[in-house]
Structures are given as structure tokens and as C-alpha cells.
Amino acid sequence: MIPHSTIQEPHSLSRALVANDHKSKTLPSPPAKGKEMKMLLLPLVLFLVDCASPDPKPGLIGPCGPLHWARETTVSAEPIEFALDLYLALRSKSGNILIAPDSIQTILNAACVGARGETEKELKRALHLPDDRPAILFMPPRSVSEKVSAGDSEEYILQEALGVWMPKDRPLRAEYLALVRQHFGAEIRRLDFASEPEEAANVINDWVNRQTRGKIKSIVNPLSLDGRTSVLLTSAIFFDGKWKNEFLKEGTILKPFRDDASRVASVPMMTQTDLFYHASVDGVSLLELPYRGDRISMVIVLPNEANGLQKIEEELDASRIASWMARLSLQEVRIHIPRFKFDTTIALSQTVRALGVELALNRQADFSGMAADPGVFVSDLIHRATIDIDEQGMVAAGATESAMWTMKATASKPLHFLADHPFLFLIRENESGRILFLGRFAEPKAECKGDTES
């Protein structure tokens with residue numbers, strides 16, 4: 001029997017990755033300047049309640065967190081299996097989609113560490129973890145997520161954090177708290193959900209506000225907290241990166257975009273011609289857009305047919321994406337991609353059920369490795385994500401590199417990549433292959449503005 005004990009002091013550790021000159025390609029880098037993409041996710045609130053009480057109240061606003069582990073190859077199907085499971089479970093939704101699979105994995109992994117019996121087995125199967133090994137072994141080494149800038153300029157910032165919030169009168173097991181502190185870098189606090197729900201919500205929302213640098217100010221509604229709340233797990237991931245290749249703002253013009261309902265709208269289309277990793281295969285064109293430092297890239301999967309995304313999604317699997325990535329080769333490409341910004345909030349309970357997780361979401365759940373009180377289960381899963389791609393310029397204060405690409409003269413014209421209809425996109429860590437963000441752009445915002453095409 002694991003002893004029931006308490007923790008005396010709150011602990012806080014936010015894992016930040018600030019990367020610099022990492023040369024993952026053999027060719028020299030072009031000047032690092034210009035276009036900035038900012039993305040943050042507060043994906044999941046995992047809300048566990050005591051099933052001895054009436055059904056929990058609705059009203060959670062929500063976030064989540066990240067699990068990742070390094071892989072040997074960049075084209076393995078393994079890092080994208082869970083990501084793709086999530087996406088395919090959501091693909092029937094119309095319009096834009098954005099999820100942070102890496103972050104959702106973390107929150108479910110943190111729950112899995114405290115699960116026992118069949119509840120643990122279901123979570124492991126959904127996460128593609130082996131049944132005979134502890135889930136905590138699949139957290140990355142601490143050094144993977146904690147790297148410090150060695151120069152004056154930041155290539156990008158990737159910050160991840162996990163919060164564990166427990167009631168004052170029912171602390172969690174000390175062994176569980178030690179594990180999530182050591183392996184997840186969790187902030188652990190005891191709050192009075194029963195008597196001071198508003199103050200408890202303020203503490204959690206202030207944590208979210210700090211972790212996302214003010215981008216998302218709240219995740220928890222105080223009306224969602226009461227004496228039935230056994231533990232609240234929250235996590236956040238924030239990414240801020242600059243394109244390796246510049247998109248000049250004056251080159252952005254309005255062009256037509258046909259959405260997934262065949263409606264045509266004018267969108268600001270960014271344009272440039274340069275060397276990019278590109279592939280044409282299985283009815284799609286792939287384009288890789290690296291961020292400064294070459295550690296993280298955005299990959300766009302564009303169907304050849306304007307209304308071809310649904311068919312591509314129906315045939316999608318992890319091995320196919322891995323094979324597509326293996327076909328990328330460096331080519332001169334003239335690209336046109338829309339400038340876009342959107343956010344999504346998704347209730348994930350049914351999505352997780354589609355992955356085979358059932359016990360954790362009902363009163364038969366076994367989280368005895370987390371809490372001594374019986375009857376704790378997950379009552380809600382809310383995922384929230386935001387992506388923002390714009391033309392913010394880089395401040396070049398003497399840290400600009402000026403390397404030239406060498407291209408052989410050729411009589412052929414550059415390849416043409418025109419993203420003027422719905423497409424998939426993913427943001428991935430190149431070395432490990434793990435997926436930080438995965439989404440679909442299908443409906444441009446009506447308020448998009450840009451210069452008129454001449």
C-alpha cells in the first residue's frame with residue numbers, strides 16, 4: 001500500500017528551450033530574417049472529480065500539456081501515430097482544426113502515471129506505450145527540454161509547463177507528486193476549491209497567463225470548482241519562431257482562396273522563391289518551411305485537387321506521412337501561402353473515447369496511484385489552441401548572418417506551390433520527428449486584410 005502523505009512546499013519549473021545555430025542540413029543557411037510565426041497552446045484541462053458526489057458542473061474553459069520522447073529517425077511513423085489518431089478522430093469537424101498532440105500526450109501521460117489496473121492499460125494503448133513498462137519511462141531526458149541560448153540572438157522559443165492543483169483537505173500521494181515534479185517539471189499547489197473557488201481559479205489562470213506570456217489569460221471558470229474537485233491537471237506549450245527564409249511584407253497581396261465549402265474568399269497571400277524541401281507524391285504536394293536554427297519546421301500538405309482534402313484525410317495514416325517526409329528533396333520553389341490566424345476550442349472527451357479510453361472517464365476509473373480517495377475519475381477534457389502567422393520583421397541589431405545559397409544555373413522554371421485551397425499543416429521537431437502542432441486550414445477569416453493584387 002502506498003502511504004498517504006502530503007507535500008509541504010509548492011514547486012515550480014517551466015521547461016524552456018531556446019535554440020541556436022543547429023545545422024541539420026548540409027547546405028549553408030540563407031539569411032535568417034523576417035517572417036515570424038507565433039503559436040501557443042493551452043490545450044487541455046484534465047478535471048478529476050470524486051464520483052461520490054453528484055455529476056460535476058459544466059463550464060471549464062481549458063488547457064493541457066506536452067509529452068514527448070526522442071526518436072532515432074526523422075521519418076519514422078512512431079512519433080506521429082498518436083498525433084494522427086487524434087486528428088483523424090476529429091476530421092469530421094468542418095472548418096479549421098488545430099491541436100497540439102505533444103501537449104495532449106503529456107497530460108494523458110501524467111494521468112497514466114497515477115492510473116492502475118485496466119485504467120492504466122487503456123491509457124497506455126491510446127498513447128501507444130508498451131503495457132509492460134511504466135509510463136514515466138517515456139518522458140524525455142530533462143536535458144532535451146532544457147537548453148540555454150549560447151549566443152545573443154534567439155532562434156526560437158519553445159516553452160512547456162505542467163500544473164498540478166489539488167484540494168487542501170485531500171492532498172495527493174507524495175510518490176505521485178515527486179514523479180510529476182521530477183519528470184514533468186510540474187508546478188504543484190494546494191488550493192481551496194470548496195470554500196474559495198474564485199481564488200483558486202485566479203491562481204490557476206494567473207499561472208496560465210504567465211506561461212503563455214499573456215496570450216491566454218484564463219482556462220478555469222470558478223463555477224467549475226467545488227468540493228468535488230479532487231485534482232486539476234493543466235499544461236501549456238508556447239512556441240515563438242521566425243522563418244529561416246524571409247517573406248517580404250510588400251510581396252503579400254490578396255488572392256482567391258476556395259474554402260472547404262467551395263466558397264471563394266480573398267486572402268493575404270505571402271510569396272517568395274527560394275530553395276525548399278519539396279515533394280509531389282500520392283496526389284499531394286509537400287513543402288517544408290524551416291524556422292531559424294533548423295530544429296523545427298512547418299510542413300504543408302497540399303492536395304493537388306482543390307476539393308481533394310477529404311479524400312486525402314480518409315486515406316491518411318502514420319506510415320504514409322512518414323513515407324512522404326522521406327521523399328522531400330531540396331528544390332527551387334515559388335511558393336504562395338496564406339497569412340492566417342485562428343484558434344480552436346475542442347471538447348476532447350469523445351475524441352479520447354474514440355481512441356479506446358473509457359474507464360478513465362467514468363466512475364469505474366482507478367487512479368489509486370495518484371490519490372488515496374477512491375472514486376476519482378476524469379470528468380472533462382478541454383483543448384484550446386491558437387496559431388498566428390504574420391509578417392512581423394526581425395530586429396537585426398548586428399546579429400544577422402549573411403550566408404549565400406549556391407544554385408546551379410538552369411533553364412527550367414521553379415516549381416510552383418500555390419496554397420489556394422484547404423490544406424493540412426504540421427509543426428514538427430526535425431531530429432525526433434515529434435509533432436508539436438497539427439491542423440487544417442480550410443476557412444479563411446473574413447477580416448483578413450492585405451494589399452490588392454495588381
Sort HIS383, HIS183, HIS416 so the one with the fewest other Cβ atoms within 10 Å of its own Cβ comes first.
HIS416, HIS183, HIS383
Do any of LYS215/LYS242; LYS217/LYS255; LYS244/LYS445 go past 29 Å between their Cα atoms, and which?
LYS217/LYS255
Sticking with the crude label model, points 7 Å out along Cα→Cβ, report the distance from LYS93 to SER319 in nm, one decimal please.
2.9 nm
What nm distance separates the two modelled labels at ARG263 and ALA347, each placed 7 Å from Cα along Cα→Cβ?
2.5 nm
Dipole of region 188-341, Cα-centred, from +1 at each Lys and Arg C-beta and -1 at each Asp and Glu C-beta, to the nearest 20 debye?
460 debye
Could you list which residues have their amide H under 5 Å from that of GLU246, counting only those 5 or more apart in sequence or on another chain, with H placed in the peptide plane?
LYS33
Under the Karplus curve 6.51 cos²θ - 1.76 cosθ + 1.60, θ = phi - 60°, whole-Hz ³J(HN,Hα) for region 362-373, x wherever Gly or Pro sits
9, 6, 8, 4, 10, 10, 5, x, 9, 10, 6, 5
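A short reminder: the numbers here are calculations on the coordinates, not readings from a lab. Since we're looking at a predicted model, the values are computed, not measured. Note that each Cβ is placed from the backbone with ideal geometry, even for glycine, and that neighbours are counted across all protein chains shown.
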